[in-house]
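Visitor: Here's a structure for you.
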Amino acid sequence: MTHTETHQAISAVWRIEQAKLVASLARMLRDIGVAEELAQDALVAALERWPQTGIPDNPGAWLMATAKRRAIDRLRHRKLADAKHAEIGYISDLDQDSVVDELEARLDDDIGDDLLKLVFTACHPILSAEARVALTLRLIGGLSTGEIARAFFVPESTVAQRIVRAKRTLADANVPYEVPRGDELAKRLASVIEVIYLIFNEGYSATAGEDWIRPQLADEAVRLGRILAGLAPNEADVHGLVALMEIQASRFAARIGPNGEPVLLMDQNRARWDHLLIRRGLAALTRAEALGPRGTYTLQAAIAACHARAPTADQTDWRRIAGLYAELGAIAPSPVVELNRAVAVGMAEGPAAGLAVVEPLATEPALASSHLLPGVRADLLMKLGRLAEAKLDFERAAALTRNLRERQLLLERAATCANGIAV
């Protein structure tokens, strides 16, 4: 394996293992900031050693063992002991080796789902809403500050500051590392739902990089969503969230071609959809709708269900989808929701009707730096035969996206317009 290939493999392993490392170390040390620092130390060690020794058979276990040793070394050198004295109240009554043994037991003992505890800790009300989202995406999703910034249309430096301040705030307040109960659980539930779905979305359609999708990231979000549904069985939107993620996840095998290129929804081979996931998602949607009024995630799941229930793309009930987007826009107004409604209107009533919905969105600040608006507009213009305009919008969208696969797809569609081909 070449040096470059080894570094690519390390990057892939890190994407998968980073959240687990931080979560386990946070349970051991009760400090998210220190946990992330030690996890990063383990990554640096891998970058130094693996190019010479090769990738271990179990790279995740290697990273965990390395991080754990560094945590214990810190304790033995008393760099952590003083800071944690209040939390480990009995530390003065035990010798140093006994404390180390206790902390090792904490790390190895099965005391529940560490990742979910990490999510709830990052979503603590002591933090601002923006900080909760940014910190959880960083710790659980492993997203870079740049990826998070693009997702929220804010400067990268702003996101970096939010993350640093959030970790400092949690450490200073000695926030317990746990899943809350009772009234406290309800207070934090909405934020946790939002964060889990943002993690899923980054896996479903990566904001940047060379990959169109990151299935491992989406799978982790689905797993967390299912655990959350078990913790809050009577919360309609939790089941709506699970339904939405499972139905969307069912398309993964059909969303990319043989060379990793994107395959759009209308062009996907529906025989490749995971029908077990669809059935599970539809069951979760039924439960969500039975529990109460349809919230934002339940409505989005209902939209996804329209696609899942259609045997072919031509049989999709676009009028119902447009109506569901209108219902969603009434309870959660958003330029992105309106843009999606425009797509549905265009499919149900024709591209001219869809374009009429799109045009007023041109002045929306939230869409100014997004590739979504010119991409949708270009598609509608292409269908209307206005190829020169469509070409310019496809090129504009390609320039705005940070995902290399998506950029290539948009440029290919621009080239189609240049060749005088309408769809």
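Each value in this text was obtained by applying a stated rule to the coordinates, not by laboratory testing. The structure displayed is predicted, hence computed values, not measured ones. FYI the Cβ positions are ideal-geometry reconstructions off the backbone, even for glycines, and counts take in every protein chain you see.
Visitor: Could you work out the per residue convex hull volume over the alpha carbons of the chain, in cubic angstrom?
Guide: Taking only Cα atoms, the chain has a hull volume of 156 Å³ per residue.
Visitor: Quickly rank 117-125, 311-319 as a protection proxy: mean count of other C-beta atoms within 10 Å, highest first.
Guide: The peptides rank, most packed first, as 117-125, 311-319.
Visitor: How far apart, in nm, are two points set 7 Å out from the Cα along the Cα-to-Cβ line at residue 309 and at residue 349?
Guide: Here the answer is 2.2 nm between the modelled labels.
Visitor: May I ask for the equivalent-ellipsoid semi-axes of the stretch 229-341, computed as the square root of five times each C-alpha gyration tensor eigenvalue and listed largest first in whole Å?
Guide: One finds semi-axes of 24, 18, 12 Å for the stretch 229-341.
Visitor: Using +1 at the Cβ of each Lys and Arg and -1 at the Cβ of each Asp and Glu in the chain, identify which of 269, 161, 354 lies farthest towards the dipole's positive end.
Guide: My answer, from the dipole projection, is 354.
Visitor: Work out how much length residue 76 to residue 216 would gain on full extension: take 0.36 nm times their residue separation and subtract the Cα-Cα distance, in nm to one decimal.
Guide: Full extension of this stretch gives 46.8 nm more.
Visitor: Which one of 275, 371, 239 has the biggest mean-square fluctuation once the chain is modelled by GNM with Cα springs under 10 Å?
Guide: Judging by the Gaussian network model, the answer is 275.
Visitor: Separate question: Taking the highest mean first, how do the peptides 346-356, 188-198 order by number of other beta carbon atoms within 10 angstrom per residue?
Guide: Ranked from most to least packed, the peptides come out as 188-198, 346-356.
Visitor: Residue separation times 0.36 nm, minus the C-alpha to C-alpha distance between residue 45 and residue 174: what's the value?
Guide: Extending this stretch completely gives an extra 43.5 nm.
Visitor: Using 0.36 nm per residue, how much length does the chain from residue 331 to residue 161 gain when fully extended, once their Cα-Cα distance is taken away?
Guide: Residue separation times 0.36 nm, minus the Cα-Cα distance, leaves 58.1 nm.
Visitor: Right, another one. For the chain, what is the number of Lys pairs with C-alpha distance below 30 angstrom, counting only pairs 8 or more positions apart or on separate chains?
Guide: So the count of such lysine pairs works out to 19.
Visitor: What does the helix-only formula give at 222 nm for the chain: each DSSP H stretch with n ≥ 4 adding -39500 (n - 2.57), the total divided by the residues, and the result rounded to the nearest 500 deg cm²/dmol?
Guide: -22500 deg cm²/dmol
Visitor: Could you give the alpha-carbon Rg of the stretch 146-285 over 2.2 N^0.38 Å, rounded to two decimals?
Guide: For the stretch 146-285, the normalised Cα radius of gyration comes out at 1.21.
Visitor: Take each complete run of DSSP H in the chain, measure how far its Cα atoms stretch along the helix's own axis, and keep only those covering 30 Å or more with mean Kyte-Doolittle hydropathy at least -0.5; list them.
Guide: Helices meeting the span and hydropathy rule in the chain are 3-29, 32-53, 182-204.
Visitor: Moving to a separate point now. Sort 387-397, 175-185, 226-236 by the packing proxy (mean of other Cβ within 10 Å over each peptide's residues), most packed first.
Guide: Top to bottom by mean Cβ count within 10 Å: 387-397, 226-236, 175-185.
Visitor: Does the stretch 317-423 come out rounded, prolate or oblate, given a ≥ b ≥ c as the square roots of the eigenvalues of its C-alpha gyration tensor, rounded meaning a/c under 1.5 and, failing that, prolate meaning a/b above b/c?
Guide: oblate
Visitor: Sticking with this structure for a sec: What residues qualify as long-range amide H neighbours of residue 256, i.e. H under 5 Å apart, gap of 5 or more or another chain, H built at 1.01 Å from N?
Guide: 263
Visitor: Assuming R0 = 22 Å, what is the FRET efficiency of residue 181 and residue 223, from their Cβ-Cβ distance, to the nearest 0.05?
Guide: Calculated value: 0.55.
Visitor: Over the chain, what is the relative contact order in percent, taking alpha-carbon pairs closer than 8 angstrom and at least six residues apart?
Guide: Once divided by the residue count of the chain, the mean separation gives 10 percent.
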